[in-house]
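Structure record follows, encoded as structure tokens.
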Amino acid sequence: MQVTITQITLKSPWHFFALAKNALQITKQLKGTQYREFKKTGVWTTHYTMTLWDTKEDLQQFARSGAHLQGMKISKDIAKEIKTLTYEADRLPDWKTAKSKLAEVKGIAYK
């Protein structure tokens, strides 16, 4: 199985509204897929998601389509930085472990 962990750091708290609107559409899209488990957390300008997938193909099909694809396109407008990590595991980690793993990842920085 595949675990994907994502961190998005917003340019400002005002961008939360655009993030929330897009996240709602992405969550609706996610519910129509074969994901195993999904978690999210965040406050102020830093937000995280974790998703467990059966296969890499399921993950890629989701990530490259619909609302998620649109979200990736607008991310440069609302995000200061995005970090994503995908690895093989049978279950999602706890948040402390997930954040520790992301701390080692070089993110994509936007101006």
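Would you confirm, using the coordinates I've provided, whether Q34 is surrounded by fewer than 18 Cβ atoms within 10 Å (Cβ to Cβ), out of contact with any Gly (no Cβ under 9 Å at 6 or more places or on another chain), at pLDDT below 95 and among the polar types (S, T, N, Q)? Answer is yes for this residue.
Residues being outside any strand (DSSP E or B), touching a residue at least 12 places away in the same chain (Cβ under 8 Å), of a type in the set (A, V, I, L, M, F, W, C) and on the phi < 0 side of the Ramachandran plot: count how many of those fall in segment 24-53. Of the residues in segment 24-53, 2 are outside any strand (DSSP E or B), touching a residue at least 12 places away in the same chain (Cβ under 8 Å), of a type in the set (A, V, I, L, M, F, W, C) and on the phi < 0 side of the Ramachandran plot.
Yes/no per residue for (1) touching a Pro at 6+ places or on another chain (Cβ under 8 Å); (2) buried (at least 17 other Cβ atoms within 10 Å of the Cβ):
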{"position": "A20", "(1), (2)": "no, no"}
{"position": "K39", "(1), (2)": "no, no"}
{"position": "W44", "(1), (2)": "yes, no"}
{"position": "H47", "(1), (2)": "no, yes"}
{"position": "L52", "(1), (2)": "no, yes"}
{"position": "K56", "(1), (2)": "no, no"}
{"position": "G66", "(1), (2)": "no, yes"}
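The combined condition, being hydroxyl-bearing (S, T, Y) and surrounded by 15 or more Cβ atoms within 10 Å (Cβ to Cβ), is not fulfilled by T27. Take the conditions more than 21 Å from K99 (Cα to Cα), touching a residue at least 12 places away in the same chain (Cβ under 8 Å) and out of contact with any helix residue (DSSP H, G or I) (no Cβ under 6 Å at 6 or more places or on another chain) and apply them to Q60. Does it pass? The answer is no for Q60. Would you point out which residue out of T86, T97 is of a type in the set (S, T, Y), at pLDDT 95 or above and in contact with a helix residue (DSSP H, G or I) (Cβ under 8 Å, 6 or more places away or on another chain)? Matching residue, one of T86, T97: T86.
Picking from residues in segment 64-96 that are in a helix (DSSP H, G or I) and of a type in the set (S, T, N, Q), the one that is farthest from T6 (Cα to Cα) is Q70.
The values are calculated or read from the model by the stated rules, or taken from the named source; none is laboratory data. Just so it is clear, the structure is predicted and the values come from calculations on it, not from any experiment. Here the Cβ is made from the backbone with ideal geometry for all residues, glycine too, and neighbour counts use every protein chain on show.
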